[in-house]
Structures are given as structure tokens and as C-alpha cells.
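Shown next, in C-alpha cells, is the structure this report addresses.
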Amino acid sequence: MSNRMWGGRFSEGPDAIMEEINASIDFDKKLYAQDIRGSKAHAEMLAARGVLSAADAEAIAAGLDEIGAEIEAGRFTFSRALEDIHMNVEASLKERIGEPAGRLHTARSRNDQVATDFKLWVRDTVDHLHDQLTALMQALLTRAEEHAGTVMPGFTHLQSAQPVTFGHHMMAYVEMFDRDRGRLADARRRLNECPLGAAALAGTSFPIDRHMTAASLGFDRPTANSLDSVSDRDFALEVLAAAAIAAVHLSRLAEEIVIWSSAQFRFVRLSDKFSTGSSIMPQKRNPDAAELVRAKSGRIIGGLNALLIVMKGLPLAYSKDMQEDKEQTFDALASYSLVVAAMTGMIRDMTVNIEAMRAAAGSGFSTATDLADWLVRAGGIPFRDAHHVTGRIVGIAAERGIELADVPLADMQGVDARITEAVYDVLSVDDSVRSRTSYGGTAPANVAAMAALWRDRLGA
């Protein structure tokens with residue numbers, strides 16, 4: 001018995017194992033809305049060009065709308081024997097409207113059809129992720145505005161380095177996530193070309209209007225080369241690359257939340273909505289949401305790696321290997337969406353321990369650089385010499401177990417006689433952060449001004 005999808009070339013149906021490895025409907029049914037949109041646009045174009053009658057085009061559009069509504073309602077039965085979403089929709093359409101359904105596939109192939117569906121899905125997802133990242137940035141901005149003057153330790157090597165403000169720390173992630181939005185926007189611009197009409201690989205002899213189809217589906221233009229049209233998955237790779245970079249940013253913030261919420265730091269407290277307990281230790285509040293954000297970055301990065309490996313050795317044009325493009329893309333971008341939502345919730349709900357941050361900000365001789373800078377400004381000492389003088393004073397403080405601001409003036413002058421009482425004006429953490437007024441610095445006034453600028457940019 002010939003296979004009803006592949007026509008008369010085959011006399012037998014596929015082996016059960018072949019059917020198992022070949023079928024993609026279990027995951028590509030996610031593309032149903034895009035498949036129906038693409039088919040309606042294709043039918044409308046064929047009718048406009050006289051390839052389809054107006055009556056056939058109307059019947060096709062009505063039947064596709066019925067199928068879409070049934071799938072939305074959960075009443076549609078998908079068949080693995082029909083392999084994929086394209087053939088499931090087409091077979092159902094034929095049951096509903098008869099012969100006109102068979103004309104829908106004129107001047108197209110499943111190769112350009114799936115490329116179009118997948119592009120539409122990725123584009124829709126990029127738009128959603130852009131909106132999610134904007135919401136996360138807005139949550140960070142709110143925290144930055146609230147804590148523009150809240151002093152905390154800034155770290156290098158996870159060692160106390162110089163005082164910064166919590167608002168400044170939040171604004172660092174605003175910058176990161178805006179770059180992530182930019183990468184998605186760049187990818188969207190490049191992917192916004194329509195493959196439909198490239199057919200299997202060589203184009204078609206039918207008098208189609210690919211510009212009409214592209215415009216109908218919201219693309220800027222049709223793709224320019226039929227071979228590239230059906231073999232390209234750069235659009236998925238580029239979005240996955242952007243997602244992988246963003247996942248690293250999210251993981252870094254998640255790691256900081258895990259550290260900050262520990263009993264040793266106590267900088268923040270996650271709300272009950274984003275914390276869990278222990279099955280054995282009743283006192284525990286675990287930052288599981290942050291830990292899972294951190295962990296899922298590996299899943300997102302893995303999706304990119306998997307698709308790169310699938311594509312690396314494929315000749316033009318289409319190969320069945322490319323069926324493996326969707327599962328990891330679907331999974332990675334779903335994970336990305338989930339972790340952005342989780343991080344937004346954590347940032348909005350967490351409580352900031354201002355006192356704990358302030359206490360930690362002054363530890364570890366964090367204003368030593370302020371002392372060195374003061375020696376340069378007030379004493380005219382070359383910075384390298386000032387660095388050496390400051391190091392000796394830090395040594396005195398460390399030996400006595402006191403902070404820099406508590407070192408007696410006489411002891412400081414014993415190291416360098418040019419030091420005066422005015423030095424104490426720069427040794428507090430508040431004075432330190434207020435002095436960092438260079439563009440991009442942590443001064444509270446800078447933070448407030450930058451947050452206001454970002455509010456205007458985001459329109460919120």
C-alpha cells in the first residue's frame with residue numbers, strides 16, 4: 001500500500017521504528033498557529049495570482065480557521081502516522097472541504113513551509129521575551145530608585161573592594177538586560193525575511209507573488225535565495241545565542257541572590273513566594289527559585305550547542321537532521337521565558353536589609369582607595385607613592401583589628417607627615433560613594449539620574 005503522504009513512489013508504509021524516529025508531531029504541533037497563518041497567506045496569494053479560484057481560497061481559509069479553533073479548544077486529534085503539524089492540518093482540511101485542500105500545497109513544499117512556520121514562531125517568541133525583559137528592567141529600576149543611596153560593599157574576587165550603592169548594583173543589571181534586548185532585536189531584524197515560496201529548494205514555475213506573502217505575514221521581504229531559504233537556521237541559532245548570553249546574566253544575578261540571602265550575608269530576604277523549606281531542617285529558607293534560574297542557564301546554553309552541532313556538517317539544502325532544530329529551541333526559549341519571569345518576581349518581592357549592607361560596606365578596609373586618592377589630591381603625592389603609604393596604614397589597622405577611620409591621626413602621620421585631620425572626611429562609606437561622581441559612577445545622585453533616564457527610555 002502506498003504511503004498517502006509520499007505518493008506512489010513507495011509501495012509499503014514505514015516500519016514502526018522508522019515511524020517513531022521520523023514523526024515530529026509530538027513537538028511541532030506547537031507550530032499550529034503559525035502553520036495556519038502561513039497556509040492562509042499562501043492560499044490568498046495563490047488566488048490573487050489566479051492559481052487558485054476565489055471559491056477554493058475561501059473554503060481553505062474557512063477550514064483552516066475551524067482547525068485552529070479546534071486545536072485551541074483542545075478538541076483536535078493529532079496523528080503520529082501523519083508525521084508533523086503540516087500533514088495533520090492538511091489531512092484534516094481535506095476531511096472538511098474535500099478536493100480544494102489538495103490544491104493548497106501548490107507552489108510550496110514542507111521545506112519552505114516549516115522554515116516559515118519556525119521563523120514565525122521564533123519571531124513571536126522574541127517579541128514576548130523582549131516584553132518580559134522590559135518588565136524585569138522596570139523591576140530593577142524600582143529597586144534602584146528606592147536604594148540609590150543604600151550603601152553596600154562592592155566586590156572584586158568576592159572580596160570587599162570599595163563601597164557602592166545597592167541602586168548602582170541594580171542598575172548594572174539594567175544595562176546587561178538592555179544589551180540582551182538589543183541582541184534579540186538585532187536577531188529579529190535579520191530573521192524577518194519570508195522563506196515561503198522557495199518550495200523544496202529551487203523555487204517554483206507557478207506565477208506566485210512572494211512579496212505579497214511576505215507582507216501578509218509581517219515580514220520585511222522574501223528571502224532572496226531558494227537554497228538558503230530552506231537550509232537556513234541562523235535565525236534560531238542567533239536567538240539561542242542571545243538567549244545563552246542572557247541566561248549567563250540571569251545566572252550571575254541569581255548567584256548573587258543566593259549569596260546575599262545566606263545567613264552569613266543577610267543582604268536580602270526572598271519572599272515566601274520564591275523560597276522553599278527543608279524536609280528535615282525546620283529553620284531553613286532556601287532560595288530555590290534563584291538556584292533554579294542559575295541551573296537552567298545550562299539548559300539554555302545546551303540548546304544552542306545542540307543546534308550548532310546539528311547544523312555544522314549539513315550540505316545545502318534541506319536534510320532531515322534539521323527536524324532536530326525545534327525541540328531544543330522550544331525548550332531553551334521556554335526556559336528563558338520562565339527564568340526571566342522568576343527573576344522579575346524575586347526582584348519585585350525581595351526585602352533589602354539596609355543595615356546589614358551598611359555594616360558590611362565598611363569592612364575589609366573598603367575606603368583604602370579613598371585614602372590614596374585623598375593623598376594624591378591634598379598632598380600632591382604620585383598615586384603609586386600614595387598607594388604604598390595607604391598600604392602601610394591599612395597594615396596598622398589590620399594589626400590592631402580596627403577600621404581605617406579609627407586609626408589615630410598621629411599614627412597616620414607617622415607614616416606620612418603630610419596627612420591632616422581632613423583625611424577623615426573621606427574615610428566613611430557615605431563619603432566614599434558620594435565622591436564617585438564620574439560618569440557611570442556609584443554616587444547616589446548619578447544613580448538617581450540614570451534611573452530617571454532609563455524610566456524615560458522604557459516609557460514607564
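The values are calculated or read from the model by the stated rules, or taken from the named source; none is laboratory data. Please read all numbers here as calculations on a predicted model, not as lab measurements. Neighbour counts are summed over all protein chains in view; Cβ atoms, including those assigned to glycine, are modelled from backbone coordinates with ideal geometry. Ligands, DNA and RNA are stripped out before the accessible areas are found, and what is left, the full protein with its side chains, is counted by its heavy atoms. Shrake-Rupley method; radii C 1.70, N 1.55, O 1.52, S 1.80 Å.
Restricting ASP321, ASP325 to those that are of a type outside the set (Lys, Arg), assigned to a helix (DSSP H, G or I) and open to solvent by 20 Å² or more (accessible area, probe 1.4 Å) reduces the list to ASP321. For segment 147-164, taking the residues that are in contact with a helix residue (DSSP H, G or I) (Cβ under 6 Å, 6 or more places away or on another chain) and assigned to a loop (DSSP other than H, G, I, E, B), the one that is most open to solvent (accessible area, probe 1.4 Å) is identified as GLY149. Please go through segment 101-144 and give me each residue that is open to solvent by 20 Å² or more (accessible area, probe 1.4 Å), in contact (Cβ under 8 Å) with a residue 12 or more places away in the chain, in a helix (DSSP H, G or I) and of a type outside the set (Val, Ile, Thr), ordered by number. Residues satisfying the conditions are ARG103, ARG110, ASN111, TRP121, ASP124, ASP127, HIS128, HIS130, GLN132, ALA135, GLN138, ARG143. Is it true that some residue in segment 428-442 is open to solvent by 60 Å² or more (accessible area, probe 1.4 Å), closer than 22 Å to ASP385 by Cα and either modelled with pLDDT under 90 or out of contact with any Ser or Thr (no Cβ under 8 Å at 6 or more places or on another chain) (or both)? Within segment 428-442 (the criterion being open to solvent by 60 Å² or more (accessible area, probe 1.4 Å), closer than 22 Å to ASP385 by Cα and either modelled with pLDDT under 90 or out of contact with any Ser or Thr (no Cβ under 8 Å at 6 or more places or on another chain) (or both)), the answer is yes, since at least one residue qualifies. Looking only at residues of segment 34-49 that are over 12 Å from ALA107 (Cβ atoms) and open to solvent by 40 Å² or more (accessible area, probe 1.4 Å), we find that the one that is nearest to the chain's Cα centre (by Cα) is ARG37. Here ASP65 fits the description: under 23 Å from LEU120 (Cα atoms), open to solvent by 30 Å² or more (accessible area, probe 1.4 Å) and of a type in the set (Asp, Glu). Taking the numbered list (1) touching a strand residue (DSSP E or B) at 6+ places or on another chain (Cβ under 8 Å); (2) without any contact (Cβ under 8 Å) to a residue 40 or more places away in the chain; (3) assigned to a loop (DSSP other than H, G, I, E, B) in turn, GLY203 passes all entries but (1).
Looking at segment 193-204 only, could you name the residues that are crowded, with 17+ Cβ neighbours inside 10 Å and of a type outside the set (D, E, K, R)? Residues satisfying the conditions are CYS194, PRO195, LEU196, GLY197, ALA198, ALA199, LEU201, GLY203, THR204.
Looking at the structure I just gave you, is VAL389 in contact (Cβ under 8 Å) with a residue 40 or more places away in the chain and aliphatic (A, V, I, L, M)? In short, no. Residue check: LEU141 meets all listed conditions (1) closer than 15 Å to ILE354 by Cβ; (2) in contact with a Lys or Arg (Cβ under 7 Å, 6 or more places away or on another chain) but one, namely (1).
If we scan segment 74-82, do we find a residue that is surrounded by fewer than 23 Cβ atoms within 10 Å (Cβ to Cβ) and among the aliphatic types (A, V, I, L, M)?
Of all residues in segment 74-82, those surrounded by fewer than 23 Cβ atoms within 10 Å (Cβ to Cβ) come to 74-82.
Next, from what is left, pick out any that are among the aliphatic types (A, V, I, L, M): 81-82.
So far as segment 74-82 goes, yes, one or more of its residues are surrounded by fewer than 23 Cβ atoms within 10 Å (Cβ to Cβ) and among the aliphatic types (A, V, I, L, M).
Given LEU141, LEU136, LEU184, LEU129, which one is at pLDDT 95 or above, closer than 30 Å to ARG266 by Cβ, aliphatic (A, V, I, L, M) and under 17 Å from the mean Cα position of the chain (by Cα)?
Details: LEU141 fails: under 17 Å from the mean Cα position of the chain (by Cα); LEU184 fails: closer than 30 Å to ARG266 by Cβ; LEU129 fails: closer than 30 Å to ARG266 by Cβ.
Answer to the check: LEU136.
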